[in-house]
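Report on the following structure.
The values are calculated or read from the model by the stated rules, or taken from the named source; none is laboratory data. Predicted, not measured: the structure shown is a model, and the values here were computed from it. Here the Cβ is made from the backbone with ideal geometry for all residues, glycine too, and neighbour counts use every protein chain on show. The area values use the complete protein model at the heavy-atom level, side chains included, leaving out ligands, DNA and RNA. Shrake-Rupley method; radii C 1.70, N 1.55, O 1.52, S 1.80 Å.
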Amino acid sequence: MSNRVEVFKAQLSPYGGLKSKYYEELKATVKQMTAPGKGLLAADESVGSVDKRFKGINLENNAENRRKYRALMIGAAGIEQYVSGVIFHEETLTQKMDDGSSFPEYLTRIGIVPGIKTDRGLAPLIVGAPGEQCTEGLDGYVARAQKYYKQGARFCKWRNTYQIQNGTVSEHAIHINAETLARYAVLSQQAGLVPIVEPEVMIDGTHSIEQCFAVSVRVWSAVVSALHRHGVMWDAMLLKPNMVVPGAESGTVASPDEVARYTVWALGRTLPAQVAGVTFLSGGLSEVQASEYLAAMNRPNLGIARPWRLTFSYARALQSSALKAWGGKDENFPAARRVFLHRAKMNSLAQLGTYDRAADVKGSESLYVKGHTY
Ligand code: 5MM
């Protein structure tokens, strides 16, 4: 009988398994990104999304203000204690810190992995339930990914959204979005970028936490099934899902324990243990809720298996207070950086399972009251 290992390998994939010359590098990047007590800063808002954020502080949405805002966060001294990777928008990848180094160069120097949002945004699905969306950006993808690699990016992120309506989402949305995410993931691995796969079941709606659980299990299992079909290298990717929570208009708020149990339970039913990390989005949760829920998932006595590193990849839940503290004014940089670092530290503690809500709220209050006018 021939070598058993060869037979086993052949059975793993009828196509012989995906290979990439970057395989070892991709695994090293994943390891760096999932270091204990660290998570990701999602600073990849498109120009349109920045517009909404800047309107809140009455600031003009131009390239220089967007550069300053990103420099404010990544230039906060000590950020590397809490943050292992930063996701940028395409524009930001070529912008510079005040010392003249490009953002990716600066991050690499302080031990943070630069990443890039590679999707081209949402488009109407047309077929499916009203209002459902798909994500564009696969045409010419490999050339773009190779360019980002040359510019210093070592991971990427692609987001698909799912809107729960009447307690469910359409089969069509589940199917097409799973295929898109899987194709994106394998092409990224070929170009040397660790793909973060982001299927976001949106918080908007009146659904219950049980309905969010059921939809999340359906969506994630379809994504995982597509990733299998496309031959992804499991130990060279990360998942960025929503937490399992009741809809924002449901009139209910779940306890951290409920969120932790439903979320980890849903992941356990769907996600292979070979995936090293789950980097949650905050999806409209408050800053404190996002920390509290993550901490509940990481507490030592949860009693549900979780073989992956569970950490954060937040945009709003890391940035909202810092943005207000900044208010677009240079003189507020130090205060805004203190506020930003406080949130980063709280989420780092949440990753380690040692977060203390009371201390967080107290710390936040002292920062906001003693800080500047905003
Ligand atoms: C930063 O927001 C990202 C989407 O931006 P666009 O809608 O402008 O393209 C988004 O992908 C983000 O990275 C994640 O959803 C996490 O953000 P939240 O605010 O949910 O933590």
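Tabulated results
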{"quantity": "Nearest-10 value in Å² for the accessible area of ASP99, using the 1.4 Å probe", "calculated": "90 Å²"}
{"quantity": "Bridge type composition, the chain - antiparallel percent by DSSP, nearest 5", "calculated": "15 percent"}
{"quantity": "Accessible heavy-atom area order of HIS230, HIS207, HIS175, HIS342, highest first, probe of 1.4 Å", "calculated": "HIS175, HIS230, HIS342, HIS207"}
{"quantity": "Anchor LYS21: lysines whose Cα lies under 24 Å away (excluding residues fewer than 8 positions away in-chain)", "calculated": "LYS9, LYS31, LYS117, LYS147, LYS150, LYS157"}
{"quantity": "VAL253 versus VAL142: modelled label distance in nm, points set 7 Å from Cα along the beta carbon direction", "calculated": "5.0 nm"}
{"quantity": "Amide H within-cut-off set for VAL113, under 5 Å, with H built and near neighbours excluded", "calculated": "GLY85, VAL86"}
{"quantity": "Area accessible to solvent at VAL127, 1.4 Å probe radius, in Å²", "calculated": "90 Å²"}
{"quantity": "³J(HN,Hα), Karplus 6.51/-1.76/1.60, whole Hz, each residue of the stretch 304-320, x for Gly, Pro", "calculated": "10, 4, 9, x, 9, 6, 9, 9, 10, 9, 9, 9, 4, 6, 9, 10, 3"}
{"quantity": "Length-normalised contact order for the chain - Cα pairs under 8 Å, 6+ apart - percent", "calculated": "17 percent"}
{"quantity": "Distance between modelled label sites at SER286 and LYS52, nm, 7 Å Cα→Cβ extension", "calculated": "2.0 nm"}
{"quantity": "Charge dipole magnitude, Cβ of K and R +1, D and E -1 - the chain, Cα centre, debye nearest 20", "calculated": "840 debye"}
{"quantity": "Reach of LYS240 by Cα under 13 Å, taken over aspartates and glutamates that are not fewer than 8 positions away in the same chain", "calculated": "GLU198, GLU200"}
{"quantity": "Longest segment of the chain lacking GluC sites (Glu not before Pro) that sit in a DSSP loop with at most 16 other Cβ atoms within 10 Å", "calculated": "250-374"}
{"quantity": "Residue-wise HN-Hα coupling along the stretch 98-113, computed from phi with Karplus coefficients 6.51, -1.76, 1.60 (Hz; x: Gly, Pro)", "calculated": "4, 7, x, 7, 5, 4, x, 4, 4, 5, 4, 4, 9, x, 10, 7"}
{"quantity": "Estimated 222 nm signal from helices in the chain, with DSSP H stretches of n ≥ 4 weighted -39500 (n - 2.57), rounded to 500", "calculated": "-15000 deg cm²/dmol"}
{"quantity": "Contour minus Cα-Cα distance for THR108 and THR354 (0.36 nm per residue)", "calculated": "85.8 nm"}
{"quantity": "Percent carbon-and-sulfur accessible area, the stretch 121-190, ignoring ligands, DNA and RNA, probe 1.4 Å", "calculated": "54 percent"}
{"quantity": "5 angstrom amide H check on VAL194, placed H, neighbours 5+ away", "calculated": "PHE155, CYS156"}
{"quantity": "Dipole magnitude of the stretch 101-158 about its Cα centre (Cβ charges: Lys, Arg +1; Asp, Glu -1), debye to nearest 20", "calculated": "340 debye"}
{"quantity": "Sites GLN165 and ILE304, calculated FRET efficiency, Cβ-Cβ separation with R0 25 Å, nearest 0.05", "calculated": "0.30"}
{"quantity": "Most to least accessible of LYS324, LYS55, LYS68 (protein chains only, probe 1.4 Å)", "calculated": "LYS55, LYS324, LYS68"}
{"quantity": "1.4 Å probe accessible area per residue over the chain, in Å²", "calculated": "43 Å²"}
{"quantity": "Distant-in-sequence amide H partners of ARG159 (H built 1.01 Å from N, under 5 Å)", "calculated": "ASP119"}
{"quantity": "Partners for LYS345 among aspartates and glutamates (Cα-Cα distance below 18 Å; same-chain residues under 8 apart left out)", "calculated": "GLU80, GLU287, GLU292, ASP356, ASP360, GLU365"}
{"quantity": "Inter-probe distance in nm under a simple model that places probes 7 Å from Cα toward Cβ, at ALA77 and GLU210", "calculated": "5.4 nm"}
{"quantity": "Residue among LEU59, LEU40, GLY192 farthest towards the positive dipole end of the chain, charges placed on Cβ", "calculated": "GLY192"}
{"quantity": "Residue-wise HN-Hα coupling along the stretch 204-211, computed from phi with Karplus coefficients 6.51, -1.76, 1.60 (Hz; x: Gly, Pro)", "calculated": "4, x, 9, 5, 8, 5, 5, 5"}
{"quantity": "P(r) histogram, all alpha-carbon pairs of the stretch 13-106 included - 5 Å bins from 0, percent", "calculated": "2, 11, 18, 18, 17, 13, 8, 6, 3, 2, 1, 0"}
{"quantity": "Accessible surface of the stretch 233-374, 1.4 Å probe, proportion on carbon and sulfur as whole %", "calculated": "55 percent"}
